[in-house]
1. Under the definition of partner shielding as Cβ atoms of other protein chains within 10 Å of a residue Cβ, what is the mean value for peptide A:30-36?
2. Cα atoms only, region A:179-258: Rg and Dmax in Å?
3. If R0 is 56 Å, what FRET efficiency do you get for residue B:238 and residue B:202 from their C-beta distance, rounded to 0.05?
4. Convex hull over the alpha-carbon atoms of chain B: what's its volume per residue in Å³?
5. Taking every eigenvalue of the Cα gyration tensor of region A:5-75, multiplying by 5 and rooting it, what semi-axes result, largest first, whole Å?
6. When the Cα centres of region A:70-85 and region A:156-199 are compared, how far apart do they sit, in Å?
7. Order B:97-105, B:149-157 from most to least packed using the mean count of other Cβ atoms within 10 Å.
8. What per residue convex hull volume, in Å³, do the alpha-carbon atoms of region A:211-289 yield?
């Protein structure tokens, strides 16, 4: 029974990883950039919501409404200020620039918020759950996170497939030069994509902050988890990212059930196994064009 | 030197002859440092040599093979742990253990490359990080390796401290010289030409018959061996290994910073970057977070504003060349004196 419980908890955790990973996947899909500051941006979102709650008594939901547009704006500016410039420097430059940015953000948070770990206080919601059997209980927050993840992924899918901006993003992703010839401004399209990606990262960070405690060093691990979810699921597919997140979450939950110190290790091992035997991911999708 | 159609192809130039001689003299003079200065100076210089090794290895990987890795700490840690195990448990001479540890880690990097090379670009970078983290977590679980608290290196305690410091220093000097010579030799070989072709255009190089993956794998193994040698030296210099420190991602941050600042893809740049980083570290490391914020900002600024780094910028401005790698074309001057009629052209240079 404890194994079924681990499976259920891992499944819900997978929703969180999918939410965390979709922004990383979007930036990579559109610009072929891995944003190495992704985890730090998520944690920064959590810090801002926690700070608003502690200092001004702003409830987390309102904090979230404040943080998401701020993150989107930060994404727009990041693209305009740093990524556009670094994209001109070839394949390596964006990696190096975002790695530098990750170090800056991590230490800036350390300087501003100290190394103390904190958590976003959500009152009774944090411990509430629906008891299925004596051993298995569905945590309400986990269910909420999973639902939000499915909504965000579905929303992104609809945005990409049905709307004008989605069409522009897909066109620029497959061939920026031709897209420019068709009258699209690739830099603006990139900026929109980065804005969306950072907004989802901050959203995921806030859910992380409600679920567990975090500190400025938490971001590094989150980047790795998000990356693992993307690769396990298969690049180029948002639903693959959800599946990848679930596989990672279940692996971690089962690992932690064996020994709490195996949580991260079990996820890494599953990632490496997928890399060895199915390097294009479980739900490999042929990237269109 | 060969002349055809009035153009000379030259490997060696006066500047590179002078530089190579000067480097050789500095290295020879370096041998005598422990006799002339105290253990404090030899300790600091050992740290500098370790940084130069790390920068040169990361540069070989990223600058010559186009493989940006955020996980080279995997090999630093493997080298350090192999040194402790060989010296303390197996009973090997500790300095021999550093060399053997580097070779073992180099051998282990081969199967690791099979996994890591399935990823490309940014995915490779962070995939290497996952591999380093996995090794860190596994090492932390192994009780004979000291688990999460690590172990201390005891085998060197048989030497008197000043002598121990001098031995570590000499080995660091020798390994640095050997690894730098290996990089120069590799770049001057056929593989070096392959690598530069790959760096400039991988598909084009492959279509001309360059075997891309073996060439990259060779550099990967060399970089792993060099990083592991640095790890062994770190263990001998600090006398302790701890998984979270020796497998820490901060080593990648330092390597990236040194190479970017000095000049990615040049031979001289990373050495310059390591020296500057060493000075910055001595001056500002006690500033803690602000020091790291400054390093990060500088890395972003150099990437965006001066992507060829300090050395690249110097070369662009002056045409100066020091290391004898690559060739240079010059229009011959009929009078045999005076300035060249045509500006120098870099060909397959660094």
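1. Average per residue, whole number: 3.
2. Final numbers for Rg and Dmax: 16.1, 56 Å.
3. 0.90
4. Per residue, the Cα convex hull of chain B comes to 149 Å³.
5. 24, 20, 9
6. First find each Cα centre; the distance between them is then 15 Å.
7. The packing order, highest mean first, is B:97-105, B:149-157.
8. 101
Taken together, the values in this text are just the output of simple stated rules run on the coordinates, not laboratory data. Computed from a predicted structure; not experimentally measured. Counting neighbours? That spans all protein chains shown, and the Cβs are built from the backbone with ideal geometry, glycine included.
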